[in-house]
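These notes are about the structure you will find just below.
The values are calculated or read from the model by the stated rules, or taken from the named source; none is laboratory data. Keep in mind it's a predicted model, so treat the numbers as computed, not measured. Methodologically, a virtual Cβ is constructed for each residue, glycine included, from the backbone with ideal geometry; neighbour enumeration extends over all protein chains shown. All accessible areas refer to the heavy atoms of the entire protein, side chains included, with ligands and DNA or RNA removed. Shrake-Rupley method; radii C 1.70, N 1.55, O 1.52, S 1.80 Å.
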Amino acid sequence: QAADSRREQFRQYLEKSGVLDVLTKVLVALYEEPEKPSSALDFLKHQLGASAPENTEVEALRLEVAEMKEKYEAVLEENKKLRTKVKIY
């Protein structure tokens, strides 16, 4: 009986906080998907806005940022050299 009471209190808590509505909407969206996603869990995470980038994605972006910084520095150096040449002429 105590377990049933705790379960009911928890259900009421989820209902009052809006969790049940959100979960229901997300599950209905998954049900109504014409082409079911390969990962239902990823679909749910995405729908709930909790999908974080994968570590490989983050690492790829870090590498890209590092490359862009190098290119930026090279362009600044080239700009500096060209400005010097322009002053000479």
In nanometres, the difference between 0.36 nm per residue of separation and the alpha-carbon distance of residue 17 and residue 83 is 17.5 nm
Of all the stretches in the chain, which is the longest one without any exposed loop site, taking GluC sites (Glu not before Pro) in a DSSP loop (any state but H, G, I, E, B) with at most 15 other Cβ atoms within 10 Å? 55-89
Whole-percent carbon and sulfur contribution to the accessible surface of the chain (1.4 Å, no ligands, DNA or RNA) stands at 56
In this structure, the FRET efficiency calculated for residue 10 and residue 42 from their beta-carbon separation, with R0 = 22 Å, to the nearest 0.05, is 0.25
Proximal aspartates and glutamates to residue 80, defined as alpha-carbon separation beneath 16 angstrom and excluding residues fewer than eight positions away on the same chain: 70
Highest-fluctuation residue, 27, 76, 41 considered, GNM on the chain with Cα pairs under 10 Å: 76
How large is the accessible surface per residue of the chain, computed with a 1.4 Å probe and reported in Å² as a whole number? 96
Per residue, how big is the convex hull of the chain when only Cα atoms are used? Give it in Å³. 210
Size of electric dipole in the range 1-52: Cβ of Lys, Arg +1 and of Asp, Glu -1, about Cα centre, debye, nearest 20: 240
